[in-house]
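In what follows, a structure is listed as structure tokens, so that the remarks can point back to it.
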Amino acid sequence: MNKEPRFEGNIFHHPCSVESCGREGCIGEGVNLLKGRLGQWYCAPHYKELERKRTNEKRIVTPPPQERQGRLL
Ligand SMILES: [Zn+2]
């Protein structure tokens, strides 16, 4: 299945970028049709998943400082 966003005639096809997904993407990233950039597209559930993953990655990149302090009382 062709996952690349593309024009067929006047129709802009932009399938979800997730390999196993057969849905049409409804949210595009890095899209600039005037510059010929067709971007990457995701269906709503996969876009949410991607956002969640990114949020998690950010957490990993900047872990909160963990100080080893304990309260005795
Ligand atoms: Zn999808």
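Readers should treat all values here as calculations from the given coordinates under stated rules, not as data from a laboratory. Computed from a predicted structure; not experimentally measured. Don't worry about glycine lacking a Cβ; one is built from the backbone with ideal geometry, like all the others, and counts go over all protein chains shown.
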- Taking strands (runs of 3 or more DSSP E) that do not extend beyond the chain, which have at least 3 residues that are within 10 Å of the chain's Cα centre (by Cα)? 27-29, 40-42
- Listed by first then second residue, the pairs whose first member lies in region 1-24 and is in contact (Cβ under 8 Å) with a residue 12 or more places away in the chain, whose partner is of a type in the set (D, E, K, R), with beta carbons under 7 Å and at least 6 positions apart or on separate chains, are H14/E24; P15/K3; P15/E24; C16/R23; C16/E24; S17/K3
- Qualifying residues in region 13-26 (those that are among the hydrophobic types (A, V, I, L, M, F, W, C) and surrounded by fewer than 18 Cβ atoms within 10 Å (Cβ to Cβ)) - the one nearest to the ligand (Cβ to nearest atom): C21
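For residues in region 27-52 being among the hydrophobic types (A, V, I, L, M, F, W, C) and loosely packed, with under 13 Cβ neighbours inside 10 Å, which is farthest from P5 (Cα to Cα)?
Checked region 27-52; the qualifying residue farthest from P5 (Cα to Cα) is A44.
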